[in-house]
Structure formats: structure tokens, C-alpha cells
Amino acid sequence: MSTSSQQPIVQVRGLVKAFGEHVVLDGIDFDIQTSQVVVVIGPSGSGKSTLLRCCNGLEVPQRGTVDICGRRLMDHSRMMPEAQLNKLREEVGMVFQSFNLFSHISVLENITLGPRKLRGLSRAQAEQEARELLGKVGLAHKAEAMPASLSGGQKQRVAIARALAMKPRVMLFDEPTSALDPELVGEVLQVMKLLASEGMTMMVVTHEMGFAQEVADVVVVMDGGGIIEQGPPEQIFGAPTQPRTREFLQAVL
Ligand code: ADP
Ligand code: MG
């Protein structure tokens with residue numbers, strides 16, 4: 001596949017983020033091309049979540065640039081105007097470890113809220129799209145349920161459907177299965193595999209190495225605020241070049 005002439009969906013250059021004296025991202029460069037699945041791995045505290053949060057403007061870096069679909073999110077720590085930023089955020093779906101569903105409204109309302117408010121859809125149109133998405137994540141029968149009545153795996157699948165309802169160009173997942181009981185991990189990974197197979201562009205922080213091996217186009221290994229190695233899963237898992245990658249993989253595999 002020739003992607004060199006294509007504009008990347010996400011382009012990060014020279015990204016530096018510090019909290020006080022603590023440099024958490026130390027000059028990150030990377031691209032995500034259309035329909036690529038990039039899996040980010042690395043030890044706790046290596047900066048994975050911060051990198052993801054910089055990619056949708058939840059964190060403001062001190063230096064560097066993030067471009068989403070060719071539009072500059074921030075430059076020299078100056079964010080784009082709030083209205084534009086919110087528009088751009090609609091194109092970047094985010095799924096967190098902790099689901100973050102609104103607990104006082106139904107599953108259907110959780111999914112239709114964004115499209116009605118931000119995409120200007122009518123209730124009927126938003127509900128129709130939401131029911132289709134619920135079907136896709138295997139929860140068509142839970143439209144009227146309240147979040148509290150769902151299992152963790154079901155909540156996370158609703159969170160994915162809610163993100164998809166905004167018709168994002170790229171989906172960012174931050175350890176989407178880490179809070180789940182082991183028997184519920186598979187149903188969430190299954191939905192993510194389906195999205196990948198449909199060509200969704202995805203960046204996934206996860207400790208699920210089986211998922212990485214099976215689904216990733218590129219595995220990015222972070223350590224100490226930098227990308228120490230990246231490549232196709234066969235290379236990263238089969239023949240890592242960096243000692244710290246080998247140490248990390250020995251600890252998690
Ligand atoms: P990872 O997701 O790889 O575990 P994080 O990106 O969450 O790593 O964190 C990287 C480092 O940045 C950690 O040392 C963490 O304590 C620190 N950090 C993250 N967010 C903040 C914050 N809001 N304030 C201060 N330090 C932070
Ligand atoms: Mg994290």
C-alpha cells in the first residue's frame with residue numbers, strides 16, 4: 001500500500017509535554033495513516049495516555065505540533081480557537097478505561113446526545129443511527145437500559161457506540177479493557193476488531209498483546225516519554241531491537 005503521498009489522519013511532530021519539571025513526552029514524532037491501526041505499548045508512566053490526550057487537545061503541550069486531517073490542533077502551545085477545537089474533537093473519538101457514560105440517562109440517550117447537540121440531527125434521525133450502532137456492538141436489546149444495569153463490557157461497548165455516533169475520522173482508545181473482568185475483555189476486543197476490519201483509523205493503548213499481534217499495522221513502544229521502537233507486530237514481538245522493549249515484553253507476555 002502506498003501511503004507516502006497521502007495526508008496522514010494524525011501527524012505529530014516534536015511533541016514535548018511537561019508537568020512542572022517532569023518531562024513526560026520528550027519530542028515525539030509519528031503519523032497515523034488512513035485505516036491504520038496503531039497499538040501503543042510500554043510500561044506504566046511512559047507517557048501513553050498523555051500522548052493520546054495531546055491528540056485530541058485534552059492536554060496542551062509545551063512544544064511541537066499535532067495535525068488532525070491536515071488541521072493544526074496546536075502550535076507552540078497555542079491551541080486553535082475553542083469553537084474550532086470542539087469541531088475537530090468531533091472527528092477524534094475517544095474511549096477511556098473508565099467508560100464515562102452519563103449515569104442518569106438511558107443507553108440510547110447517551111448515544112444520541114452528541115449527534116443531536118453537535119451534529120444537529122433530529123431526535124428520530126439520531127435514534128435511528130444509535131440503534132444501528134447498538135446493533136453493531138451487539139447491544140440492540142439494551143437501548144432503553146440505564147448504564148448502571150449493564151456489565152463493564154456492555155458499558156464499554158456503549159461508550160464505543162457513543163464515540164462512533166459522532167462519525168469520527170479516528171478513534172483513540174486508552175486501555176479500553178483494563179477495568180474489565182477478564183471474561184468481559186473479549187467482547188470489547190471483538191468490537192474493536194470489527195471496526196479495524198471496516199477500515200476505521202485507530203490508535204489503541206493496550207496491554208492486550210494478542211490484540212496487538214492480530215490487529216495492529218504498527219506497534220509503537222514507548223518508554224520514558226519517548227518512542228523507543230516502532231514497526232509491524234512481527235518485528236516488535238518477534239525481533240525487537242531495543243533491550244527495553246525485550247524487558248517490557250518479557251514482563252507482560
Ligand atoms: P502512561 O499512560 O504510559 O501510564 P501517563 O501519560 O499517564 O503514562 O503519565 C506519564 C507521566 O506523567 C507519569 O509520571 C504521570 O505521573 C505524569 N502525569 C500524567 N498526568 C499528569 C498530570 N496531570 N499532572 C502531573 N503529572 C502527570
Ligand atoms: Mg495511561
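Laboratory data are not the source of any read-out in this text; all were calculated from the coordinates shown. Keep in mind the model is a prediction, meaning the values are calculated, not measured. Cβ: placed from backbone, ideal geometry, glycine included. Neighbour counts: every protein chain shown.
Structure values in brief
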item	result
MRE, 222 nm, helices only [DSSP H, n ≥ 4, -39500 (n - 2.57), over the chain, to nearest 500]	-11000 deg cm²/dmol
Percent antiparallel among DSSP beta bridges (both partners in the chain, rounded to 5)	60 percent
Full-extension gain in nm, Asn100 to Ala148, via 0.36 nm per residue minus C-alpha separation	16.1 nm
Dipole axis of segment 30-117 (+1 Lys, Arg; -1 Asp, Glu on Cβ), positive-most option in Gly64, Gln36, Gly114	Gly64
Using alpha carbons only: equivalent-ellipsoid semi-axes of segment 50-147, gyration tensor based, whole Å	31, 15, 11
Gain upon complete extension [Cys69, Glu183; 0.36 nm per residue less C-alpha separation]	37.4 nm
Net charge of neighbours whose Cβ lies under 11 Å from the Cβ of Lys17, counting Lys and Arg as +1 and Asp and Glu as -1	0
For segment 157-230, alpha-carbon Rg and Dmax in angstrom	12.7, 35
Percentage relative contact order, segment 108-246, counting C-alpha pairs under 8 Å, at least six apart	17 percent
Tensor-based shape of segment 18-91 (alpha-carbon gyration tensor, a/c under 1.5 rounded, otherwise prolate or oblate)	oblate
Under the span-like rule (Cα at least 15 Å along the axis, Kyte-Doolittle mean at least -0.5), DSSP H helices of the chain	107-118, 152-164, 182-197
With at most 10 other Cβ atoms within 10 Å, longest stretch of the chain clear of loop GluC sites (Glu not before Pro) (DSSP)	22-143
Percent breakdown of C-alpha pair distances by 5 Å bin, ordered from the shortest bin, for the chain	1, 6, 13, 17, 19, 17, 13, 8, 4, 1, 0, 0
Residues Ser46, Ser149, sorted so that the one with the fewest Cβ neighbours within 10 Å comes first	Ser149, Ser46
